[in-house]
Amino acid sequence: MKIHYVTGNSGKFEEAKRLFSGSDIELIHTDLELEEIQGTPEAIGNHKIAEAYKKLAMPCMIDDVSVHCSALGGLPGPYIRAFLESLGPKGLAELISHYTDPSCQVICTIGYSDNSGNITLFRGVVEGKIVAPRGGRLAHTHSWNAIVEPKNSLKTFAEMSLEEAMQFSARTKALQQCKNHVLSI
């Protein structure tokens, strides 16, 4: 079965491709412009996958990541990219350093649409904390990887190899749920 993995981020696609390798599912990297709406991770995921299916009319997946900081009442949440574009990773880490609670949740929402346009969302969550930027492996230009240290790790995602990062990754958790779902139907 072929599924279009809709993202402009080659790092996200590489993680997905590795997880799906050896299965009967072939992922095809598809870069589409999708409207970025405001809302909850679920509303954003539903909107993006519906739009992707409308453009492709084929089985497809989308990926949306949010970073929720306890100190900021859950912000930036799904607006992490805008925060990183404005403040950069160092600026966001400095902002959080003024609070006593550096904890965060990384949430990855994977949206899947089958051949008929039926949508299913999958959610992976990783607990961690915001730290001063460390590491050089970045998924893309506006990456939070250097400032998030997952719980039970002494490294940020940017300090880990992709294989190490996949052991903690919210994306890997959500993708595994999606893979199990697709293989069961």
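Is there a residue in the stretch 42-49 that is over 19 Å from the mean Cα position of the chain (by Cα) and surrounded by 14 or more Cβ atoms within 10 Å (Cβ to Cβ)? Talk me through it step by step, then tell me what you get.
In the first step, residues of the stretch 42-49 are kept if they are over 19 Å from the mean Cα position of the chain (by Cα); the result is none.
Among the residues of the stretch 42-49, not one is over 19 Å from the mean Cα position of the chain (by Cα) and surrounded by 14 or more Cβ atoms within 10 Å (Cβ to Cβ), which makes the answer no.
Give the stretch 96-120 a look and list any residue that's touching a Pro at 6+ places or on another chain (Cβ under 9 Å) and surrounded by 17 or more Cβ atoms within 10 Å (Cβ to Cβ), or say none.
At the first step, the residues of the stretch 96-120 found to be touching a Pro at 6+ places or on another chain (Cβ under 9 Å) are 96, 106-109, 112-115.
Correct list: Ile96, Val106, Ile107, Cys108, Thr109, Tyr112, Ser113, Asp114.
Return only the number of the condition from (1) charged (D, E, K, R); (2) without any contact (Cβ under 8 Å) to a residue 24 or more places away in the chain; (3) over 20 Å from His4 (Cα atoms) that Lys55 does not satisfy.
Unmet condition: (3).
List, please: which pairs have Cβ atoms under 6 Å, are six or more places apart or on different chains, and start with a residue in the stretch 115-137 that is in contact (Cβ under 8 Å) with a residue 40 or more places away in the chain and over 13 Å from Ser66 (Cβ atoms) and end with one that is basic (Lys, Arg) and outside any loop (DSSP other than H, G, I, E, B)?
That search, which allows pairs on different chains as well, returns Pro133/Lys90.
The numbers here are math on the coordinates, done by the rules we state, and not lab data. Small disclaimer: the values here were computed from a predicted structure and weren't measured. Don't worry about glycine lacking a Cβ; one is built from the backbone with ideal geometry, like all the others, and counts go over all protein chains shown.
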